[in-house]
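First the structure, in the form of structure tokens, and then the observations on it.
The values are calculated or read from the model by the stated rules, or taken from the named source; none is laboratory data. Every value quoted in this text rests on a predicted model; they were computed, and no experiment measured them. Cβ sites come from the backbone with ideal geometry, for glycine too, and all protein chains shown count toward neighbours. Keep in mind that these areas ignore ligands, DNA and RNA; they rest on the heavy atoms of the full protein, side chains included. Shrake-Rupley method; radii C 1.70, N 1.55, O 1.52, S 1.80 Å.
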Amino acid sequence: MSNKYRDQFIRAVDTVRDEGRYRIFRDVRRRCGDFPKATWFKDDGSENEITIWCSNDYMGMGQSPCVIEAVKQAVDRAGTGSGGTRNISGTTHYHVQLEQELAELHQKDKALLMTSGYVANEATLGVMSKILPGLHVFSDAMNHASMIAGISRARCEKTIFKHNDLEDLERALKAADPHVPKLIAFESVYSMDADIAPIKEICDLADKYNALTYCDEVHAVGMYGPRGGGIAERDGLMDRIDIIQGTLAKAFGMIGGYIAANTDIIDAVRSLASGFIFTTSLPPSTAAGALRSVKILKISPHLRTQHQERAGALRTRLTRAGYPVIGNETHIVPLMVGDPIACQGASDTLLNDYGIYAQPINFPTVPKGTERLRFTPSPFHTDAMMDELLLALEHVWHTYGLKRRRVA
């Protein structure tokens with residue numbers, strides 16, 4: 001590579017560094033059976049015990065002995081990789097069973113597994129305009145990058161409506177050509193601001209203007225509803241969502257994504273979406289572990305209750321101490337920092353001085369000026385861990401001159 005090209009790569013990274021949003025990957029190894037504890041392998045070769053406060057393994061199912069055993073059994077029976085795409089030898093009995101379980105969870109005809117939640121969104125939304133010529137997509141302004149990528153890939157008419165703003169959405173729907181197919185794409189739980197979409201009202205507008213509904217439930221599946229079907233299940237609205245998209249990588253503690261819908265939609269997506277067709281399928285052991293995890297969480301409402309209690313306890317403590325907590329509806333507890341340099345510094349200090357791992361969330365994940373620390377307490381974060389966190393935050397907030405709210 002010539003120096004000219006090399007300099008351009010270096011300048012690109014230097015710009016990211018100067019803006020305070022250079023991402024540092026922490027080298028950690030989780031301790032099986034001791035969640036949320038982990039070992040941090042530092043650059044100097046030393047090791048430190050840490051507590052993870054930012055994992056998306058919300059329920060600790062990646063550490064569940066039952067899930068681990070299911071993975072081991074599948075490896076012993078079927079080996080490691082799947083050996084091909086779903087069309088070419090990569091559809092194993094584990095995949096079929098998992099899709100049936102997910103379809104039943106969401107009360108849909110069928111489900112379709114993909115290699116990640118990102119791929120599920122990009123592949124499904126990206127193929128919609130091929131299935132529905134002339135499609136007009138209405139997308140919430142806070143939708144995940146994978147949804148944005150899928151909608152862009154579709155190369156169809158799109159309108160971005162203000163976040164959770166029903167009036168703005170209806171204005172856009174009313175202004176659109178009444179004869180073209182329409183699809184409203186939104187999330188149930190928005191993970192950065194920890195708020196929830198007005199699903200019922202969005203569905204009402206979809207009915208009024210003859211639009212399909214596409215709901216990303218990745219931060220809600222396993223977490224909400226009597227059996228973990230998500231916010232739509234909790235609110236009795238699953239029958240009103242045309243396509244539900246979820247992940248296996250968060251509450252279910254594995255990896256992979258999926259959609260659930262009626263038979264015709266699933267058949268069209270699996271037949272036309274290149275992101276599904278040309279990708280090697282998930283390893284059988286992954287499908288087996290996810291299958292076990294879904295089954296467990298379906299019959300474990302006590303875990304969801306415990307998880308909500310832990311999230312509520314942390315949110316209450318932080319709010320009473322005057323920390324700028326964002327949102328108050330979900331299991332995600334973000335603290336506003338508002339500066340990328342301070343946000344990275346606060347994260348570094350928590351990790352280096354207190355063994356508390358909370359990754360900074362900077363642009364482009366969130367808009368500039370809204371940088372934050374994002375805490376995700378699990379059922380296994382104890383009161384003692386919360387005490388340690390509050391003491392550490394007291395020091396960090398003072399060190400970086402961060403603002404707190406006046407408490408009455």
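Summary table
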item: Mean accessible surface per residue for the chain, computed with a 1.4 Å probe while every protein chain stays in place, in Å²; result: 45
item: Dipole of segment 1-74, positive direction: furthest Cα of S64, F9, C54, with charges on the beta-carbon; result: F9
item: Percent antiparallel among DSSP beta bridges (both partners in the chain, rounded to 5); result: 55
item: Other-chain or far-sequence residues with amide H under 5 Å of H136's (modelled H); result: K182, L183
item: Amide H partners (placed H, <5 Å) of G257, local residues excluded; result: M114, T115, S116, G117, L248
item: Gyration tensor (alpha-carbon) shape descriptor, segment 287-371, a/c threshold 1.5; result: prolate
item: Cβ-placed point charges (K, R +1; D, E -1), dipole of the chain about Cα centre in debye, nearest 20; result: 340
item: Quotient of C-alpha Rg and 2.2 N^0.38 Å, computed over segment 247-290; result: 1.27
item: Highest to lowest packing among 144-150, 271-277, scored as the average C-beta count within 10 Å; result: 144-150, 271-277
item: Residues of segment 339-377 with amide N under 11 Å of the 7 Å Cα→Cβ point at T399; result: 345-356
item: Cut-off 19 Å, label 7 Å out along Cα→Cβ of L166, residues of segment 190-228 by amide N; result: 190, 195-216
item: Reach of K403 by Cα under 23 Å, taken over lysines that are not fewer than 8 positions away in the same chain; result: K368
item: Backbone HN-Hα couplings from phi across segment 60-77 [Karplus 6.51/-1.76/1.60, Hz, Gly and Pro as x]; result: x, 5, x, 10, 5, x, 5, 5, 4, 5, 4, 5, 4, 4, 5, 5, 5, 8
item: Gain upon complete extension [F9, S152; 0.36 nm per residue less C-alpha separation]; result: 48.9 nm
item: From phi via Karplus (6.51, -1.76, 1.60), per-residue ³J(HN,Hα) for segment 260-267 in Hz, x at Gly/Pro; result: 10, 6, 6, 4, 5, 5, 4, 5
item: Distance between modelled label sites at S274 and T80, nm, 7 Å Cα→Cβ extension; result: 2.9
item: Eligible aspartates and glutamates near K110 by straight Cα distance, threshold 18 Å, same-chain separation 8 or greater; result: E99, E101, D216, E217, E233, D239, D242, D264, D267
item: Kirkwood-based Rg to Rh ratio, segment 71-182, C-alpha trace; result: 1.10
item: Within the accessible area of segment 65-200 (1.4 Å probe), percent carbon and sulfur; result: 52
item: Per DSSP, loop GluC sites (Glu not before Pro) in segment 286-395 with at most 15 further Cβ within 10 Å; result: E329
item: Karplus (6.51, -1.76, 1.60) ³J(HN,Hα), θ = phi - 60°, over segment 44-51, in Hz, Gly and Pro reported as x; result: 7, x, 7, 10, 10, 7, 9, 10
item: Sites D239 and E388, calculated FRET efficiency, Cβ-Cβ separation with R0 56 Å, nearest 0.05; result: 0.80
item: Antiparallel DSSP beta bridges within segment 171-257, as percent of all bridges there, nearest 5; result: 25
item: Loop trypsin sites (Lys or Arg not before Pro), segment 69-158, which have at most 16 other Cβ atoms in a 10 Å radius of their Cβ (DSSP); result: R155
item: (i) 1.01; (ii) 0.95; (iii) 1.13, with the label sought being that of the calculated Cα Rg over 2.2 N^0.38 Å; result: (i)
item: Inter-probe distance in nm under a simple model that places probes 7 Å from Cα toward Cβ, at A175 and T316; result: 4.5
item: With every protein chain in place, segment 277-408: carbon and sulfur % of accessible area (1.4 Å); result: 56
